[in-house]
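Have a look at the structure below, then the notes.
All of the numbers you see were taken from the coordinates with simple rules; none came from a lab. What you are looking at is a predicted structure, and each value in this text was computed from that prediction instead of being measured. Using ideal geometry, Cβ is built from the backbone for each residue, glycine included, and neighbour counts are taken over all protein chains shown.
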Amino acid sequence: MIWQALLVFAFAAEGNAPLLTREQQEEFLRTAKFVEFKGAGKGITGSRRAKMTDGTITHWAHIQVVDEAKANFQGDRGTEINFRDSWKYNVAAYKLDKLLGLNMIPVSVERKVGGKSAAVTWWVDDVMMDEGGRLKQKLRAPDQKRWNDQLHAVRMFDQLIYNTDRNMQNLLITNSWDIWIIDHTRAFRLHRTLRDPKLVVRYDKALLDGLRRLDKATLQREMKGYLTGMEIDGILARRDCLLKRFDEDRTSRGEEQVVYEMPRRSTDVRLALR
Ligand SMILES: Nc1ncnc2c1ncn2[C@@H]1O[C@H](COP(=O)(O)OP(=O)(O)O)[C@@H](O)[C@H]1O
Ligand SMILES: [Mg+2]
């Protein structure tokens, strides 16, 4: 539409930043030049952040190259067998977020960085604090319902992907109290049951629809190179567990108690022109 193009131009001309769609963010992360590297600041894998530019846009990205497998790993819940910690799961989690329409995971693409395969992830700019910071400061979100809606969606997603590492640094909170979830390098376990079923007590309607829509052929196509067949089977088995749990909860507690509708936020990001 011409009027839309004019509107976008008018905003840009006013000094207002353009919006970048997820597809545009993906393209930027895949092709822009790296101009500077530094440590990510937090976390344990020694991941880095990189400043990138395509000549018009300059933005930071998170670089994760970890790719480890251990027969046994001593974690916070005891020994984990078949432990894996991989950048591939950051890309897989983002792709799954897209398939489900969750809109809570920053764009993440595969790219070689310094000769090593990596997940290159859009740096979330307007982070106010992480969940650890919120708890330490004993802050409460101004809109408790909206906050809880988001948390319940995160919990369901974490059960679906069998995330073993939703630690407090892996949940970021923006100035407008939007939650972004990051760091899925220790997820996608092979278990066919849920890790913590009790954590799932409310079910977002669109997420339920997304779960029902998930199918093996799509996952095999989308996750090629990132998840194995057994990891995909794990997702589908846990999806079935979640839907079964939903049916039971609906029967025992009533639909209106367990179903809610979380408004989806836009995945576009606003950027300053340079
Ligand atoms: N996309 C991102 N946007 C903003 N901050 C990020 C992003 N990715 C990582 N971080 C920051 O970097 C830290 C380390 O990254 P993370 O992926 O959690 O690695 P680790 O596996 O070492 O915990 C995070 O706790 C967070 O503070
Ligand atoms: Mg982390």
If each K or R counts +1 and each D or E counts -1, the residues other than Thr164 whose Cβ falls under 15 Å of its Cβ total 0
Give the span of segment 76-167's Cα atoms along each principal axis, as three whole-Å numbers ordered largest to smallest. 44, 35, 27
All-pairs alpha carbon distance profile, the chain, 5 Å steps from 0, percent: 1, 5, 11, 16, 17, 17, 14, 10, 5, 2, 1, 0
Farthest toward the dipole's positive end in the chain, which of Gly46, His184, Leu211, given Cβ charges of +1 (Lys, Arg) and -1 (Asp, Glu) about the Cα centre? Gly46
Could you list Val91, Val124 in order of exposure, starting from the residue whose Cβ has the fewest other Cβ atoms within 10 Å? Val124, Val91
In sequence order, calculated HN-Hα J values of segment 94-108 (Karplus, 6.51, -1.76, 1.60; Hz; x Gly/Pro): 5, 5, 5, 4, 5, 4, 8, x, 6, 6, 10, 10, x, 3, 9
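Which longest uninterrupted range of the chain lacks any GluC sites (Glu not before Pro) assigned by DSSP to a loop state (not H, G, I, E or B) and surrounded by at most 15 other Cβ atoms within 10 Å?
Counting at most 15 other Cβ atoms within 10 Å as exposed, the longest clean stretch of the chain is 15-260.
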What number, rounded to the nearest 500 deg cm²/dmol, is the helix-based mean residue ellipticity at 222 nm of the chain, given -39500 (n - 2.57) per DSSP H run of at least four residues and division by all its residues? -11500 deg cm²/dmol
Long-range amide H partners of Trp60 with built H, under 5 Å: Met52, Trp123
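Determine, for Ile179, Ile173, the number of other Cβ atoms within 10 Å of each Cβ, and report the residues in order from fewest to most. Each step should come with its number before you reach the end.
Working: Ile179 19, Ile173 22.
Neighbour counts put them in this order, fewest first: Ile179, Ile173.
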Listing Asp178, Asp97, Asp268 from the residue with the fewest other Cβ atoms within 10 Å to the one with the most, what is the order? Asp268, Asp178, Asp97
Helix 144-160 sits at what angle to the longest principal axis of the chain, using alpha carbons and giving 0 to 90 degrees rounded to 10? 70 degrees
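Based on DSSP, what percent of beta bridges with both residues in the chain are antiparallel, to the nearest 5?
Antiparallel: roughly 95 percent of the beta bridges in the chain.
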Ordered by residue, what ³J(HN,Hα) values in Hz, to whole numbers, does segment 169-186 give under the Karplus form 6.51 cos²θ - 1.76 cosθ + 1.60, where θ = phi - 60° and Gly and Pro are x? 8, 9, 10, 9, 10, 8, 4, 9, 6, 7, 9, 10, 9, 9, 6, 10, 5, 10
Does anyone have the angle between helix 229-253 and the longest principal axis of the chain? Alpha-carbon axes, 0 to 90°, nearest 10? 70 degrees
I'd like the orientation of helix 22-31 relative to the chain: the angle between its Cα long axis and the longest Cα principal axis, in ° from 0 to 90, rounded to 10. 70 degrees
For segment 34-167, what is the relative contact order in percent, using Cα pairs closer than 8 Å and at least 6 residues apart in sequence? 15 percent
